[in-house]
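Worksheet: one structure, shown below.
The values are calculated or read from the model by the stated rules, or taken from the named source; none is laboratory data. Everything quoted here is computed from the prediction, not taken from an experiment. Cβ coordinates were reconstructed from backbone atoms using ideal geometry, including for glycine residues, and neighbour counts include every protein chain displayed. Each accessible area value is taken on the protein alone, full model and side chains, heavy atoms only, with ligands, DNA and RNA left out. Shrake-Rupley method; radii C 1.70, N 1.55, O 1.52, S 1.80 Å.
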Amino acid sequence: MATAARPYRSVLYIPGSKERALEKAKGLTVDAIIFDLEDAVATDEKANARKLLAETLTAGGYGQRAQIVRLNGMDTDWGADDLAAIMEIGPQAVLLPKVESAAQVEAVAAKLDAHPACAGTEIWAMMETPRGILNALEIASAPRMSGFVMGTNDLAKELNCRFRADRLPMQSALQTCLMAARAAGIVCIDGVYNAFKDEDGLRVECEQGRDLGMDGKTLIHPAQLAIANEAFAPSEAEVDLARRQIDAFEAAEAEGQGVAVVDGKIVENLHIVTAKATLAKAEAIAALS
């Protein structure tokens, strides 16, 4: 299971076939990287990308950034070879595309279980088909499952829905996956924003995802990093409020009271749980910096 305290504000896709991009990613202010062997790699480059990525991750240099390898599907001509090659380096995590059932995760988990280098390897799932969304809870509860990544482009294609600024056609799927992830105690990352030069639109969508409860956002270009990092980090005002809530509640408890009042609002134990999580996230982000 993914560590809850680790930030996943920004999760950047990097093509596994692009040596220059792989090198550049080592210096980016990004919380996690998805090294992509699937959509971002042309058919005739699959084998070369697999080899290059294995060598690159073995050499290291990515610091504290979470490292997730997106494989081709196990039902394709490349998935099994991707998994076999990546298992040799004991990856932090593998991301499976178009997951629709727990059985798909269990099959990969069994292969990881049999490989000594993969004792700590996590499995993440792309949630991007109607069947996958409807089976979200069983997928979230599968072995080694640690995170969902929303594949909103593929899902929109499958649903035949329109792209809207408010993402109304996508809300049911986003919330279903988020609830399943929270029930299973795993991470849930929002889908990409395609117009990478539209900073205002990206900010709005990041804030919407944050307000829904997403842990962060997948990104397609380094230019999107700063906005995602800011949107999914606790603000100074939120950190200040969290500290004041904790102080007030502890003072109330010392006087035998079960609630406190901060800024004219009741503060109960459930608010303190949230406040402590806010401070923990802020501290984890500061540690990365």
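For the reader, a short list of remarks on this structure follows.
- Thr43 being β-branched (Val, Ile, Thr) and either free of Cβ contacts under 8 Å to residues at least 24 places away in the same chain or touching a Gly at 6+ places or on another chain (Cβ under 8 Å) (or both): yes
- Strands (runs of 3 or more DSSP E) completely within region 117-215 that count 2 or more residues being crowded, with 18+ Cβ neighbours inside 10 Å, touching a strand residue (DSSP E or B) at 6+ places or on another chain (Cβ under 7 Å) and of a type in the set (Val, Ile, Thr): 187-190
- Cβ-Cβ under 7 Å pairs, at least 6 apart or on other chains, region 219-244 side farther than 30 Å from Ala260 by Cα, far side open to solvent by 70 Å² or more (accessible area, probe 1.4 Å): Ile220/Phe196; His221/Phe196; Ala223/Phe196; Gln224/Phe196; Leu225/Thr29; Ile227/Glu199; Ile227/Arg203; Asn229/Thr29
- Applying the set (1) assigned to a loop (DSSP other than H, G, I, E, B); (2) of a type outside the set (Ser, Thr, Tyr); (3) within 16 Å of Ser141 (Cα to Cα) to Ala110 leaves exactly one unmet item: (1).
- On the stretch given as region 26-41, residues that are open to solvent by less than 10 Å² (accessible area, probe 1.4 Å) and not in a loop (DSSP other than H, G, I, E, B) total 5.
- The set of residues in region 1-51 that are under 23 Å from Arg203 (Cβ atoms) and modelled with pLDDT under 95 is empty.
- Pairs with Cβ under 7 Å, 6+ apart, first in region 116-139 and over 27 Å from Gly90 (Cβ atoms), second open to solvent by 40 Å² or more (accessible area, probe 1.4 Å) and in a helix (DSSP H, G or I): Thr129/Glu158; Pro130/Glu158; Pro130/Leu159; Ile133/Thr176; Ala136/Thr176; Leu137/Ala183
- Looking only at region 42-97, residues that are in a helix (DSSP H, G or I), under 16 Å from Lys18 (Cα atoms) and among the hydrophobic types (A, V, I, L, M, F, W, C) come to 7 in all.
- Region 248-274, subset closer than 29 Å to Met214 by Cβ, not in a loop (DSSP other than H, G, I, E, B) and not aliphatic (A, V, I, L, M), residue least open to solvent (accessible area, probe 1.4 Å): Phe249
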